[in-house]
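Where a number appears in this text, it was derived from the coordinates with a stated rule and is not lab data. Nothing here was measured: the structure is a model prediction, and the numbers come from that model. Note: ideal-geometry Cβ built from the backbone for every residue, glycine included; neighbour counts use all protein chains shown.
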Amino acid sequence: MHSSLRDLLITPAEMAAMDLAAARSGIDSFLLMRSAGLAVAAAALRRFPQAQRYAVLCGPGNNGGDGYVAASALVESGANVAVFAFGDPAALSGDAARARQLWNGTIDPLASFLPQPADAIVDALFGAGLSRDLPEPVVETIDRINGRDLPIIAVDLPTGVDGRTGQICGAAFAASHTVTFMAKKPGHLLLPGRSLCGALDVFDIGIPARIVLAGGKGLRVNTPALWSDHAARLDASSHKFRRGHLVVFSGGPQATGAARLSAAAGLAAGAGLVTVASPTSALDINAGHLTAVMLKAIDDPPGLERWLEDSRLGAFVLGPGFGVGERARAFALALCDRALVLDADGITSFQQHRSQLFARLAAAPGRAVMTPHEGEFARLFPEIARDENRSKIEKAQSAAQISHATIVYKGADTVIASPDGKVAVNANAPPSLATAGSGDVLAGIIGAHLAQGMPAFEAAAAGVWRHGTAGAKAGPGLTAETLVASIPPLG
Ligand SMILES: NC(=O)C1=CN([C@@H]2O[C@H](COP(=O)(O)OP(=O)(O)OC[C@H]3O[C@@H](n4cnc5c(N)ncnc54)[C@H](O)[C@@H]3O)[C@@H](O)[C@H]2O)[C@@H](O)CC1
Ligand SMILES: Nc1ncnc2c1ncn2[C@@H]1O[C@H](COP(=O)(O)OP(=O)(O)O)[C@@H](O)[C@H]1O
Ligand SMILES: [K+]
């Protein structure tokens with residue numbers, strides 16, 4: 001595959017437009033279908049050579065067309081193949097009709113398909129064209145096959161997974177393997193779609209990279225290629241002030257651990273100096289637990305304003321363990337024109353005051369990153385969260401636009417979106433990250449990147465990626481502390 005396509009995500013609508021653009025440039029669309037079907041047949045033979053029968057389930061559109069090409073190729077290679085169709089095969093049109101003519105065997109109705117124990121199933125029922133809930137007979141077939149431990153190779157997408165959103169349209173195959181074409185689709189990465197794809201192969205069927213790149217809207221998988229150019233590098237002239245000064249705000253005496261976790265993560269992630277800004281009431285507790293991290297008493301907004309006159313304070317993390325309320329709002333509003341990670345309680349504090357926050361971020365644009373998990377996202381963006389038509393990517397994009405901040409919409413499929421339209425989906429986070437304090441560590445890593453001068457989107461995307469890599473390195477029994485110790489070098 002062309003290297004520039006490796007991290008690209010394209011929606012089904014963009015893919016369809018690229019198909020048209022390819023046809024307009026003189027590329028024979030049937031040859032694309034043929035390449036797609038051959039890739040599926042090759043994957044079926046390679047992955048499941050022991051199958052006694054390949055049962056190819058073909059739908060009413062071009063996904064079915066790919067299935068007929070695959071079935072013919074499997075027979076040519078000497079395999080035992082049976083084809084079952086949903087809908088009337090005689091009603092196929094265009095390339096799919098031509099593909100069906102390649103198939104010389106019988107075509108049985110889908111309803112007659114009885115899975116046999118040594119079957120491998122090729123799912124070519126619906127792909128990128130799925131636009132509504134699956135018809136009942138297809139749902140019944142899926143229910144009959146899922147859970148029987150049969151290998152399923154999905155063509156483009158497991159039938160039932162919406163390629164734009166990753167949501168399930170009534171039911172969906174749980175595939176062992178998915179073969180898709182030219183580039184990944186959002187539904188391969190967003191949950192629950194991602195968990196239904198099995199191993200994913202992206203196959204180049206011959207649409208020129210320039211057409212694919214021109215047709216994509218800039219959706220990306222989060223990899224270092226997105227941000228490594230912005231990463232601060234150490235050299236002989238480095239000194240701690242050049243590596244950035246990060247401030248993390250602590251909660252009161254009963255809630256200091258979260259801020260210390262963020263601070264430790266910020267230091268490990270490369271900030272030259274880290275200070276915990278603590279209320280006087282919690283100074284002694286924080287002092288008893290800090291070594292390399294410094295400590296400063298900050299009790300109220302006037303005290304903060306005075307301290308902010310020091311321009312060497314590079315970035316701020318506000319929210320972990322801070323407490324919800326008026327004080328959090330006053331601190332956050334004072335920091336909107338600086339480099340700020342607003343997390344946890346910092347986000348929740350604006351549930352009833354969000355227009356105040358968004359107006360301030362619009363009027364005093366600094367480098368703001370907000371890191372809501374699903375619950376916090378719904379508190380700050382209730383209308384967007386409720387909209388079932390939008391994908392998680394589209395929700396993060398809308399939230400970034402209305403808040404004027406870079407949004408890190410967390411979860412196993414974290415989406416990072418900036419107000420100016422940049423967006424990336426993260427895919428390297430292990431489930432062991434679902435542990436207390438893991439979000440505090442993420443906030444600290446992003447804070448360190450901001451302190452080093454990275455732009456907000458790149459700081460956030462790099463933070464999410466390093467957090468995922470640290471999770472993988474720390475292993476299944478990770479705690480927030482071992483996560484901090486596992487943060488990998490940047491770049
Ligand atoms: N560049 C490309 O885009 C290529 C696409 N190819 C294949 O073409 C597929 C897309 O083909 P199509 O656009 O024909 O779409 P599908 O084959 O996914 O769906 C067929 C048609 O079914 C109808 N439909 C949608 N949802 C339905 C529902 N719930 N119940 C009943 N009918 C429904 C729609 O009219 C849709 O066009 C891709 O997934 C891929 O497998 C390949 O042939 C190679 C080239
Ligand atoms: N199942 C999962 N797979 C991968 N990453 C996860 C999973 N669950 C949570 N995470 C990540 O772990 C972190 C948890 O953050 P958060 O919900 O704020 O927890 P806490 O408040 O306990 O620190 C986020 O970065 C999130 O993306
Ligand atoms: K499919």
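Worth a mention:
- When you work out D = kT/(6 pi eta Rh) for segment 3-218 at 20 °C and 1.002 mPa s, using the Kirkwood radius from C-alpha pairs as Rh and the Stokes-Einstein form, the result is 127 µm²/s.
- Measuring how big segment 64-113 is from its alpha-carbon positions, Rg and Dmax come out at 10.3, 29 Å.
- Whether segment 24-116 is rounded, prolate or oblate, judged on the alpha carbon gyration tensor where a/c under 1.5 counts as rounded: oblate
- Using R0 = 35 Å, the C-beta based FRET efficiency linking ASP108 and LEU31 works out to 0.80.
- Per-pair calculated FRET efficiency, R0 = 41 Å: ALA362 and ARG53 via Cβ, rounded to 0.05: 0.10
- The chain - mean residue ellipticity at 222 nm from DSSP helices (-39,500 (n - 2.57) per run, n ≥ 4, rounded to 500): -11500 deg cm²/dmol
- Here the extension length gained between GLU140 and ARG379 equals 82.2 nm, from 0.36 nm per residue of separation less the Cα-Cα distance.
- Within the same chain, aspartates and glutamates fewer than 8 places from LYS217 are excluded, and of the rest, those with a Cα less than 14 Å from its Cα are ASP7, GLU14, GLU394, ASP420.
- Gyration tensor verdict on segment 85-213 (Cα atoms; rounded if a/c is under 1.5, prolate if a/b is larger than b/c, oblate otherwise): oblate
- 20 Å binning of all Cα-Cα separations within the chain, expressed as whole percents from 0 upward: 23, 45, 25, 7, 0
- Summarising the strand pairing of the chain, around 15 percent of its internal DSSP beta bridges are antiparallel.
- Relative contact order computed over segment 224-485 (Cα-Cα under 8 Å; 6+ residues apart), in percent: 22 percent
- Förster radius 51 Å - calculated FRET efficiency between SER355 and GLN101, Cβ distance, rounded to 0.05: 0.25
- Translational D in µm²/s for segment 216-321 (Stokes-Einstein at 25 °C, 0.890 mPa s, Kirkwood Rh from C-alpha pairs): 161 µm²/s
- Of the residues GLN101, ALA120, ALA480, the one whose Cα sits farthest toward the positive end of the charge dipole of the chain, with +1 on the Cβ of Lys and Arg and -1 on the Cβ of Asp and Glu, is ALA480.
- Using alpha-carbon coordinates, inclination of helix 136-145 to the longest axis of the chain, degrees: 80 degrees
- Summary value for segment 3-218: 24 percent relative contact order, contacts being C-alpha pairs under 8 angstrom separated by 6+ residues.
- Relative contact order, percent, the chain [alpha-carbon distance under 8 Å, six or more residues apart]: 13 percent
- Coarse-grained scattering of segment 224-485 at q = 0.08, 0.09, 0.12, 0.14 Å⁻¹, given as base-10 log I(q)/I(0) from a Debye sum over alpha-carbon atoms: -0.27, -0.34, -0.63, -0.88
- All-pairs alpha carbon distance profile, segment 362-452, 10 Å steps from 0, percent: 16, 50, 31, 3
- Largest first and in whole Å, the equivalent-ellipsoid semi-axes of segment 293-337 read 17, 13, 11, each the square root of five times a Cα gyration tensor eigenvalue.
- Overall, the ratio between the Cα radius of gyration of segment 155-205 and 2.2 N^0.38 Å, rounded to two decimals, is 0.97.
- Ranked by how many other beta carbons lie within 10 Å on average, peptides 211-221, 52-62 from highest: 52-62, 211-221
- Each Lys and Arg Cβ is given +1 and each Asp and Glu Cβ -1; about its Cα centre, segment 224-485 then shows a dipole of about 360 debye.
- Residues PHE126, PHE358, ranked from the fewest to the most other C-beta atoms within 10 Å, line up as PHE358, PHE126.
- Taking a ≥ b ≥ c as the square roots of the eigenvalues of the Cα gyration tensor, segment 290-411 is prolate, since a/c reaches 1.5 or more and a/b is larger than b/c.
- Helix 29-47 axis, angle to the chain major axis (alpha carbon atoms, nearest 10°): 80 degrees
- C-alpha long axis of helix 12-24 to longest principal axis of the chain, angle in °: 60 degrees
- Where both bridge residues fall in segment 3-218, DSSP classifies roughly 5% of the beta bridges as antiparallel.
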